[in-house]
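Asker: Would you mind keeping the following structure in view while I ask a few things?
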Amino acid sequence: MSKNLLGIDFGTTALKACLFDEDGNRLASESAQYKLITKGEFVEFDANEFFNVLESTISKITDKFKVDALAVDTQGETLICLDKNGKPLMNAIIWLDNRAEKEAREMENHFGLEKIYNITGQTEVPAGYPAPKIMWLKQNVKEVFDNADKFLLLEDYILYRLTGKFSASRSLYSSSLLMNIHTGEYDEEILSYVGITKSQLPTLCESGTIIGEYKGIKVATSALDQIAGITGAGVVKEGLMSETTGTALAVCAVTKEFPPYFEGLKVSPYYVRKGLYCLLMWAPTAGAVLEWFKGSFCENISLKELDQMAEQVPEGCEGLITIPHLCGTVMPENNSKAKGVFFGVELKHTRPYFARSIMESVAYMIKEYVEYLGVAIDEIRSMGGGARSSLWCDIKSKVLAKDIVTLKENETACLGSAIFAGVGIGIFNSVESATEKLVKKDLTYKAKPSSYQALYSDYKAKESKIMKIF
C-alpha cells in the first residue's frame, strides 16, 4: 500500500502543510497564519501557540487522510527556553529579534570573523542568532538563563512536543553559531564562551532521521526552511541551482567544497549533510519592484497583461535600465543606503519598457550572484511568483546562458520535508533518489543566443557609477 507523507513548512508568520503520496502527488494542503508580538527590537511569539497551530493543522489533514510519516522544516534562529519539566520559560525569541546586538559584537570581537567562519561557516555574528541571544539572557534575564534546562530552536521544540525526544537537524543549526559545520557537532569552545553545555542542547541528527511517533505517525527530522526548499526543488547535487523570485530574491547552489575565507566574504555555507554545503545569496527586493511599479503606475493592468506588453519591447529596453535596490543591498555588498533608480529614461520609454527593464535587472542580479559564488551551474530551477512569467523566465535563461526549469509543485519546502519523512521510513534509499522520483519539472526555457551578454557588461558599468552616489 502506498505511503502518505506529510511535509510541513513553519515560516515566520505562516504555516503550510502538504500531504503527498510516495509518487509526489499532492493529496491535500492546509495553512494557518499567526501574528508575532513586536515591541521595539523585541520580536516574540508564544511557544505553546506554535504547537497549537501545528497540532490543529495536522488534525485537519488526518481527519480525512492516513498519514504514515511527517517532517517539519522551520524558520532558523528562533530560540525557545524550556525548564526541567519541558515548559517554556518565556515567549520564543524570533529570528528577527535584535536585542542581542551588544552580545553579538562581543562574540565577534572575542573570536574574530575568520575563526567564526572556519568553525561555523557564518560570515558574521548577527544579533538574531541563538548564541548571542543566550548570552543576552545570561546578562539580562538571569532567572530564565539559570532555570533553562534546554535551549531549543523551533524544529527541536516541535519534535519534542510531537515525540518527547530532544533531537535536532544539523541543517537548522548551521546558523546557530553553536555547531561546527565540518563535523556536524557542537563546538565546545563556543559553548564554553556562551556559558552552556551540550546537555542543555538537543542531539544533532541528519535530516531524514526518525525521532519517534505522534499518534501513530512516524516523525522525522527535516531541515532549515531554505534547505527543505531546495530539496523539494531537487537541488541536492552540484551543477544545479535554484532561484526564487518572490518579494525578495534567493539564489541557492550546493557544493562539496567549503569556500576559503577572505576578508569581506559575504556568503555563508549552510549544512546540507556531511561534506555538502548550500551557498545562499539574497536580495530584499526583486518581485517587490515589479509589484510596486504595477501598483503605482499600472493599477488597471494585470501582471499577465503587463507581461504581454513587455514582451514586445526589445532586449535592453533601448537604453533604459533599472537599479532595483528599493530597500538597500545585502549581497555582495551591504549598503542600507542604496536606492532604486531608473536610468536612461527618454520620451519613447512607456510602461512596458519599465516593466521589462525591472525584469532584466533581477536577471542581472542573479547573474552577478552566480559569478560571485563561482560554482559550475548546468541548470537553474526557478521558483516563486517570477516563475509564472514566461517572459521573465526567458529573459533569465538568455542573461544567464543557462536552461531555466520551472516545477509542477510550488510548495517545494513542504515537498522537501515530505522527502525527508520518506527517507526516514525507508521508502527512499536516499534524498537524491527521492528527488529523482518526486520532483517533477514543468517547463524548460532553453538558453538561446541573445544580446544580453554585452548588455550585462554595459549594465554593470553603469550600475557601478550610479551606486557610488549612495
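The values are calculated or read from the model by the stated rules, or taken from the named source; none is laboratory data. Being a predicted model, the structure only gives us computed values, none of them experimental. Neighbour counts are summed over all protein chains in view; Cβ atoms, including those assigned to glycine, are modelled from backbone coordinates with ideal geometry. The area values use the complete protein model at the heavy-atom level, side chains included, leaving out ligands, DNA and RNA. Shrake-Rupley method; radii C 1.70, N 1.55, O 1.52, S 1.80 Å.
Asker: Mind giving me the FRET efficiency for SER192 and LYS468? R0 is 51 Å, r the Cβ-Cβ distance, nearest 0.05 is fine. Please report the intermediate quantities before stating the final value.
Answerer: Values: r = 45 Å, r/R0 = 0.88.
Approximately 0.70, to the nearest 0.05.
Asker: Determine one quarter of the surface area of the Cα convex hull of segment 366-470, which equals its mean projected area, and express it in nm² to one decimal.
Answerer: Details: hull surface 35.0 nm².
Approximately 8.8 nm², given one-decimal rounding.
Asker: Based on the alpha-carbon set only, what is the convex hull volume of segment 359-415 divided per residue, in Å³?
Answerer: On the way: hull volume 5.1 nm³, N = 57.
In segment 359-415, the Cα hull volume divided by residue count equals 90 Å³.
Asker: So, one more: Name the cysteines of the chain that stand alone by the Cβ rule: no other cysteine Cβ under 4.7 angstrom.
Answerer: Here CYS81, CYS205, CYS252, CYS278, CYS298, CYS317, CYS327, CYS393 come out as lacking a disulfide-compatible partner, given the Cβ-Cβ threshold of under 4.7 Å.
Asker: Any idea what Rg and Dmax come out to for segment 270-374 if you just take the C-alpha atoms, in Å?
Answerer: Just the Cα atoms of segment 270-374 yield Rg and Dmax of 16.0, 56 Å.
Asker: Same structure again: Quantify, in whole percent, the carbon and sulfur part of the accessible surface of the chain (1.4 Å probe; protein heavy atoms only).
Answerer: Numbers: 9470 of 19220 Å².
Here it works out to 49 percent.
Asker: Still on this structure, I have one more. Treat every Asp and Glu Cβ in the chain as -1 and every Lys and Arg Cβ as +1, leave all other atoms uncharged, and give the resulting dipole magnitude about the Cα centre to the nearest 20 debye. All intermediate terms of the calculation are to be shown ahead of the outcome.
Answerer: Details: 52 positive and 61 negative charges, 96 e Å.
Its charge dipole is roughly 460 debye.
Asker: Quick one: what does P(r) look like for segment 11-98 with 5 Å bins over all Cα pairs, in whole %?
Answerer: Over segment 11-98, the share of Cα pairs per 5 Å bin runs 3, 12, 22, 20, 16, 12, 9, 5, 1, 0 percent.
Asker: Using +1 at the Cβ of each Lys and Arg and -1 at the Cβ of each Asp and Glu in segment 68-107, identify which of ASN85, LEU70, LEU96 lies farthest towards the dipole's positive end.
Answerer: My answer, from the dipole projection, is ASN85.
Asker: May I ask for the equivalent-ellipsoid semi-axes of segment 288-441, computed as the square root of five times each C-alpha gyration tensor eigenvalue and listed largest first in whole Å? List each step's numbers first, then the result.
Answerer: Details: eigenvalues 232, 65, 45 Å².
The answer is 34, 18, 15 Å, longest axis first.
Asker: Now for a different question. Which is farthest toward the positive dipole end of segment 310-386 among SER336, LEU320, ALA376, measuring Cα position about the Cα centre, with Cβ charges +1 (Lys, Arg) and -1 (Asp, Glu)?
Answerer: SER336
Asker: How far apart, in nanometres, would the label points at LEU27 and GLU143 be if each is projected 7 angstrom from Cα along the Cα-to-Cβ direction?
Answerer: Each label point is offset 7 Å from its Cα along the Cβ direction, giving 4.8 nm.
Asker: Scan segment 271-323 for GluC sites (Glu not before Pro) in coil per DSSP, keeping those whose Cβ has at most 14 other Cβ atoms within 10 Å, and list them by number.
Answerer: Values: sites: GLU291, GLU299, GLU305, GLU311, GLU315, GLU318; in loops: GLU299, GLU311, GLU315.
Listed in order of number, the matching sites are GLU299.
Asker: Follow-up. Place +1 on the Cβ of every Lys and Arg and -1 on the Cβ of every Asp and Glu in segment 386-470, take the dipole about the Cα centre, and give the residue among PRO449, ILE425, GLY386 whose Cα lies farthest towards its positive end.
Answerer: PRO449
Asker: D for segment 426-470, whole µm²/s, Stokes-Einstein with Kirkwood Rh over alpha-carbon pairs at 20 °C and 1.002 mPa s: what number? Let's see the in-between values first.
Answerer: Working: Rh = 15.0 Å.
Value of D from the Cα-based Kirkwood radius: 143 µm²/s.
Asker: Now for a different question. Just to be sure I understand the curve: with the Debye formula and one point per C-alpha of segment 208-349, what is log10 I(q)/I(0) at q = 0.15 Å⁻¹?
Answerer: Reported log10 I(q)/I(0), two decimals: -0.95.
Asker: Another question, if that's okay. Helix by helix, which DSSP H runs in the chain go 30 Å or more along their axis at the Cα atoms and have an average Kyte-Doolittle hydropathy of -1.0 or more? Numbers along the way, then the final one.
Answerer: Values: long enough: 351-373 (34 Å, -0.02).
The qualifying helices are 351-373.
Asker: Calculate how many DSSP beta bridges within the chain are antiparallel, expressed in % of all such bridges and rounded to the nearest 5. It would help to have the intermediate numbers written out before the result.
Answerer: Working: 55 of 79 bridges.
Here the share of antiparallel DSSP bridges comes out near 70 percent.
Asker: Assuming a viscosity of 1.306 mPa s and a temperature of 10 °C, what translational diffusion coefficient in µm² per second does Stokes-Einstein assign to the chain, Rh being the Kirkwood radius over Cα pairs? Mind dumping the intermediate values first?
Answerer: Details: Rh = 23.1 Å.
Here the translational diffusion coefficient equals 69 µm²/s.
Asker: Along the principal axes of its C-alpha atoms, what lengths does segment 131-240 span, in descending order and rounded to whole Å?
Answerer: Each principal axis gives a Cα extent; for segment 131-240 these are 44, 39, 20 Å.
Asker: Oh, and also: What does the charge dipole of segment 221-333 about its Cα centre add up to, to the nearest 20 debye, if the Cβ of each Lys and Arg holds +1 and the Cβ of each Asp and Glu holds -1? Intermediate results must be reported in sequence, preceding the final value.
Answerer: Numbers: 7 positive and 13 negative charges, 133 e Å.
It comes to approximately 640 debye.
Asker: Can I ask one more? Cα atoms only, segment 118-166: Rg and Dmax in Å?
Answerer: 13.2, 34
Asker: How do 415-425, 108-118 rank on mean C-beta neighbours within 10 Å, highest first? Provide the component values of the computation, followed by the final result.
Answerer: Numbers: 415-425: 30.5, 108-118: 15.4.
Most protected by this proxy first, the peptides run 415-425, 108-118.
Asker: Could you tell me the center-to-center distance, by alpha carbons, between segment 69-129 and segment 263-317 in angstrom?
Answerer: With segment 69-129 and segment 263-317 each reduced to a Cα centre, they are spaced 28 Å.
Asker: At q = 0.19 Å⁻¹, work out log10 I(q)/I(0) for segment 147-207 with the Debye formula, treating every Cα as an identical point scatterer and leaving solvent out; two decimals please.
Answerer: -0.65
Asker: Follow-up. Rg and Dmax of segment 4-50, using alpha carbons, in Å: what are they?
Answerer: Radius of gyration, then largest Cα-Cα span, for segment 4-50: 14.4, 47 Å.
Asker: Roughly how many nanometres apart are two label points built 7 Å out from the Cα toward the Cβ at ILE37 and GLU55?
Answerer: The answer from the label model is 1.9 nm.
Asker: Give me the extension gain from SER450 to THR203: residue separation times 0.36 nm, minus the current Cα-Cα distance, reported in nm with one decimal. Present the calculation step by step, with values, prior to reporting the outcome.
Answerer: Details: separation 247, 0.36 × 247 = 88.92 nm, distance 5.19 nm.
Using 0.36 nm per residue and subtracting the Cα-Cα distance, I get 83.7 nm.
Asker: Classify segment 332-379 from the C-alpha gyration tensor, please: rounded if a/c falls under 1.5, else prolate or oblate depending on whether a/b exceeds b/c. Before the final figure, lay out the partial values.
Answerer: Details: a/c = 3.91, a/b = 1.62, b/c = 2.41.
Oblate.
Asker: Let me ask you something else. Calculated from DSSP H runs of 4 or more alone, at -39500 (n - 2.57) each and per residue, what is the 222 nm mean residue ellipticity of the chain, nearest 500? Write out the running numbers ahead of the final one.
Answerer: Values: 15 runs with 167 residues, N = 470.
Rounded to the nearest 500, it is -11000 deg cm²/dmol.
Asker: What fraction of the Cα pairs in segment 28-165, stated in percent, has a spacing above 25 angstrom? List each step's numbers first, then the result.
Answerer: Details: 3336 of 9453 pairs.
In whole percent, the share of Cα-Cα pairs in segment 28-165 beyond 25 Å is 35.
Asker: Quick one: which residues, 5 or more positions from GLU379 or on another chain, have an amide H under 5 Å from its amide H? H modelled 1.01 Å from N in the peptide plane, none for Pro or chain starts.
Answerer: Residues meeting the amide H criterion: MET241.
Asker: As a test of reading the structure, rank LEU36, LEU137 by solvent-accessible area (1.4 Å probe, protein chains only), most first.
Answerer: Values: LEU36 30, LEU137 0 Å².
The ranking, largest first, comes out as LEU36, LEU137.
Asker: Per the Cauchy relation, a quarter of the hull surface: what is the mean projected area of the convex hull of the alpha carbons in segment 202-243, in nm²? Display every interim value, and only then the final one.
Answerer: On the way: hull surface 15.9 nm².
Mean orientational projected area (segment 202-243, Cα hull): 4.0 nm².
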